[in-house]
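No value in this document is a laboratory result; all are computed from the given coordinates. Remember, predicted model here, so these are calculated numbers, not experimental data. Reconstructed Cβ throughout: ideal geometry from the backbone, glycine too, with neighbour counts over all protein chains shown.
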Amino acid sequence: MKIETHENKYVKQCLNCESEVTSMNEEHLFCTQCGFPIRNECTGTSKFNSGYGNEPLTHEEDEYPLEPTDAFCPKCSAESLFNQRGLIEVKYPRVEIINPPVSSGGEPFY
Ligand SMILES: [Zn+2]
Ligand SMILES: [Zn+2]
């Protein structure tokens, strides 16, 4: 899949509604027609995560821009924003790895 982007990694066309993206304003990260993101980025940053509970933050940056076709962040393996919003095709969707319950082999004897 090839996605055309501007030099600043903004897509040229909204992936959701196909509106043309012309704004190069660094603060304009979302489509003005449908509200979907127009630049891919990692969702493991402090912008999306408080850092409490779940996973510690891997990024010192608040934002970590990715290529539009990246489904996962190459740095921390978090889902990309486009992946999370279902804007790109993901060949290998993340399978939650659930730790098997620790088997102690029965109650210990005392
Ligand atoms: Zn749109
Ligand atoms: Zn990341």
Using DSSP to define loop residues, name the chymotrypsin sites (Phe, Trp or Tyr not before Pro) in the range 1-90 whose beta-carbon has at most 13 other beta-carbon atoms within 10 Å. Tyr52
Local net charge near Glu20, Cβ-Cβ under 12 Å (Lys/Arg +1, Asp/Glu -1): -1
